[in-house]
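Have a look at the structure below before the remarks.
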Amino acid sequence: MSAGRARGTALAAFALLVAVPPIARAQLPRIPVAPEVRLDVLGGRSSSVQGALGLEIPAGTYVRVGILAGAGARIEQDATSRAAGRVDVLARFLLDPFRQSALGFSAGAGVSLRADPGERVRPRLLVALDLEGRRQRNGISPALQVGLGGGVRGGIGLRWSGRTTR
């Protein structure tokens, strides 16, 4: 093989290496960052009821990372309530990311920072199971979540999402 032909072959191979990955990514659906609104009950030594706002950030086809900030009331044992809050970071693995069935199941793990009165803020392991319902016409899907993170927790939420992705 001549030097000119070898250079041409190398140049063609380089052009293919540069051009093919963007073309292949074009076939994947675009998954937007989506907002979420939640209402959760957090158990432990004392219970807390909190509303939360957050974002669901795609980290690939099958993974969503949720970042939520919540605030509400901690109910003390003497029936008084005090302000409480939290920040959660939860990575969920979706079993049906393309909405091929009406219900979508996911499982996840992450970290929860709870700010309860009288206790110092420290990270706690967070694990959760999630069941997302059918997408409504307005783009909102209801979701149920149960898990552990500084105590037992359960909640309901509304997620905005695309037509063909969760």
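The values are calculated or read from the model by the stated rules, or taken from the named source; none is laboratory data. It should be emphasised that the depicted structure is a prediction, and the values quoted were computed from it without experimental measurement. Note: ideal-geometry Cβ built from the backbone for every residue, glycine included; neighbour counts use all protein chains shown.
Residues that are more than 15 Å from ASP130 (Cβ to Cβ) and of a type in the set (Ser, Thr, Tyr) were ranked within region 46-67; the one that is surrounded by the most Cβ atoms within 10 Å (Cβ to Cβ) is SER48. Scanning region 23-46 for any residue that is farther than 30 Å from LEU125 by Cβ and at pLDDT 70 or above turns up at least one such residue.
Of all the residues in region 119-166, those that are closer than 15 Å to PRO35 by Cβ and not β-branched (Val, Ile, Thr) number 15. ILE67 satisfies every condition listed in (1) touching a strand residue (DSSP E or B) at 6+ places or on another chain (Cβ under 9 Å); (2) touching a residue at least 24 places away in the same chain (Cβ under 8 Å) except (2).
Inside region 66-95, residues that are at pLDDT below 95 and either more than 27 Å from SER46 (Cβ to Cβ) or touching an Asp or Glu at 6+ places or on another chain (Cβ under 7 Å) (or both) make up a count of 3. Within the span defined as region 108-117, one or more residues are part of a strand (DSSP E or B) and within 16 Å of VAL41 (Cβ to Cβ).
Within region 38-51, residues that are in the same structural domain as SER141 (by TED's automatic domain parsing) and in a loop (DSSP other than H, G, I, E, B) reach partners that are at pLDDT 95 or above and surrounded by fewer than 16 Cβ atoms within 10 Å (Cβ to Cβ) with beta carbons closer than 8 Å, at six or more positions or on different chains, in the pairs GLY43/VAL152; GLY44/VAL152.
Among the residues of region 133-147, write down those that are among the small types (Gly, Ala, Ser) and either touching a helix residue (DSSP H, G or I) at 6+ places or on another chain (Cβ under 7 Å) or assigned to a strand (DSSP E or B) (or both).
Step one: list which residues in region 133-147 are among the small types (Gly, Ala, Ser), which gives 133, 139, 141, 143, 147.
Those that are among the small types (Gly, Ala, Ser) and either touching a helix residue (DSSP H, G or I) at 6+ places or on another chain (Cβ under 7 Å) or assigned to a strand (DSSP E or B) (or both): SER141, ALA143, GLY147.
Among the listed residues ASP130, ASP78, ASP96, identify the single one that is part of a strand (DSSP E or B) and not aliphatic (A, V, I, L, M).
Working: ASP78 fails: part of a strand (DSSP E or B); ASP96 fails: part of a strand (DSSP E or B).
Going through ASP130, ASP78, ASP96 in turn, the sole match is ASP130.
Checked against the criterion of being within 22 Å of SER47 (Cα to Cα) and basic (Lys, Arg), the candidates ARG159, ARG122 yield just one match: ARG122.
Determine which member of the set ALA79, ALA83, ALA91, ALA102 is surrounded by 14 or more Cβ atoms within 10 Å (Cβ to Cβ) and without any contact (Cβ under 8 Å) to a residue 40 or more places away in the chain. So that I can check it myself, show each step before the final result.
Values: ALA79 fails: surrounded by 14 or more Cβ atoms within 10 Å (Cβ to Cβ); ALA83 fails: surrounded by 14 or more Cβ atoms within 10 Å (Cβ to Cβ); ALA102 fails: surrounded by 14 or more Cβ atoms within 10 Å (Cβ to Cβ).
Exactly one of ALA79, ALA83, ALA91, ALA102 is surrounded by 14 or more Cβ atoms within 10 Å (Cβ to Cβ) and without any contact (Cβ under 8 Å) to a residue 40 or more places away in the chain, namely ALA91.
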